[in-house]
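Have a look at the structure below, then the notes.
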Amino acid sequence: MAETKADTIFDVAIIGGGPAGYTAAIRAAEFGLKVALIEKTDKLGGTCLHVGCIPTKALLFNAEIWDHLQHAADFGIENIGAPTLNWAAVLKRKNAIITKHTKGLDFLMKKHKIARFEGFGCLTGPAQAGVHTVDVANSAGETSPVKAKNVILATGSEAKMLPGLAPDDRILTNIEILALEQVPKSLIVIGAGAVGMEFSSLFRTFGSEVTIVEFLPRVVPVEDEEVSKEVTRLFKKRGIDVNTGARVEKVEKTENGVRVTYTDANGKTQVKEAEKVLVAVGRAGRTANIGVEKTKIEQERGLIKVNEAQETAEPGVFAIGDIVFGLPQLAHVGAMAGMVAAAKIAGKTFRPIRRDRIPGCTYTEPQIGSVGLTEAQAREKGYDVKVGKFPFAGNSKATILGSHDGFVKIVSDAKYGEILGVHILGPQATELVAEAVAVLELEGTVEEMMYTIHAHPTLAESLLDAYGAVEGMAINA
Ligand SMILES: Cc1cc2nc3c(=O)[nH]c(=O)nc-3n(C[C@H](O)[C@H](O)[C@H](O)COP(=O)(O)OP(=O)(O)OC[C@H]3O[C@@H](n4cnc5c(N)ncnc54)[C@H](O)[C@@H]3O)c2cc1C
């Protein structure tokens, strides 16, 4: 009799089909393992593809085009009339991008002969005779077991809400805001991490009055302090009302919108009203009801602890992506964690994820791309820090693009010249950072990079000048 899915013992069963889970599935299949992928929805791609990275970047690209059109005359392009925004068409394009890539994932699963199970996966406990069981409940509530020698938990995360609030048509998370029928006239954004900053930038470009309320003393708090300071200045210049060190006291609905009461950095009570409020105060790991409590898995702040091979404390159970404690909640981190876990399960060599080699990208206008230690972190670690900074104002390609805001900052160790961190605020920063990631991965020095030829005219030359600036020898500034 042919083997059925029910009696197959897979090498690995993965719970969650986001970027962490589907990457792990593909890599495990590439290693020749028999793979099951369990996803509770009928679509692969997770937050990233459906309500995160991809739709936001699609809309931010629309915003970039819109911005260029507003300044067309600066480029000698005249008589284009008054451009109007067809928001429905903007959303349609975004949705088409999502659909295309969702289908792409379906194709990849078939190509790699990955067995897909639609339903909510829950680990039943430790392995019995080396085999784990994951109960998969479908939408009708029927449960069927999937058996595997290893299990990877990749259930992702969801937006945290402020106490007492629930998302609706005015109180928004990343999900509701991506489906708004119109650009709101006014928007209050609570939280100035990457998500809050990107939506602020996006809707400001499309004409919304935007107010940011951030609890911490600075926006994009994981970035180098100089980046936070300059992006704040630039956001304010764009007319965004940026409030840091501000604690939200109350969010209420008014007749037509919302009212947010907060205590500002000087301890004064402030009240702001707007059409909508976006709550972007971080993301909670989806660790509930997936069977974690029946195992030895250790958690911290609702996230799962793993070792450098992504193994949890329960033998044969791995965790990757946004549910992992101690790593940034980013798609590329989850995907790499998936590749690490797959390699470990397949008995192959791998390189553990290094916290200080993870690029962070914020697709605001201007963009932020960074990797490695900030200046403050490098000093805290006891390095004799040497910094180089080069403004995009001195870069000819930036002039061609009409995009002069921002800078490249290099943080290096004076002793050996090793580059410890690169912080870019400016045009295409999210692409430029790729060079910096490679430099850090290869333990490049300032001298090596000062003599690495960068094509002309490119934005990347600003990195060359910034390496030179560490030695006080930038050419173009
Ligand atoms: C607005 C926004 C913008 C972002 N932009 C970026 C960006 O530009 N770059 C970047 O790197 N990151 C970005 N992120 C973060 C990125 O989306 C996440 O880091 C990434 O999606 C995490 O991947 P994951 O696979 O761990 O989880 P998810 O993408 O959340 O996927 C988890 C999957 O598991 C499924 N699932 C959950 N529980 C179960 C269960 N019990 N059984 C079966 N299936 C289950 C879910 O349905 C989902 O499909 C953004 C996030 C947001 C909210």
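Some points to look at:
- P(r) of the chain over all Cα-Cα pairs, binned every 10 Å from zero, in whole percent: 4, 18, 25, 26, 19, 7, 1, 0
- Rh by Kirkwood over Cα pairs, then Stokes-Einstein D for segment 349-395 at 0.692 mPa s and 37 °C, µm²/s: 246 µm²/s
- When each of the peptides 25-35, 152-162, 349-359, 216-226 is scored by the mean number of other C-beta atoms lying within 10 Å of its residues, the order from highest to lowest reads 152-162, 25-35, 216-226, 349-359.
- The DSSP beta bridges internal to the chain are antiparallel in roughly 60% of cases.
- Neighbour-count ranking [beta-carbon atoms within 10 angstrom, fewest first] of 47, 232: 232, 47
- Given 344/386; 94/348; 57/236; 147/305; 147/344, the pairs whose alpha carbons are separated by over 31 Å: 344/386; 94/348
- Rounded Å value of the spacing that divides the Cα centres of segment 176-223 and segment 88-158: 31 Å
- Exposure proxy for 237, 250, 276: other Cβ atoms within 10 Å of each Cβ, ordered fewest to most, give 237, 250, 276.
- Cα centroid separation, segment 386-427 to segment 42-81 (Å): 25 Å
Here, each number is a calculation from the coordinates, and none is a lab measurement. As the structure is a prediction and not an experimental result, all values here were calculated from the model. Heads up, the Cβs are rebuilt from the backbone with ideal geometry, glycines too, and the neighbour counts pull from every protein chain shown.
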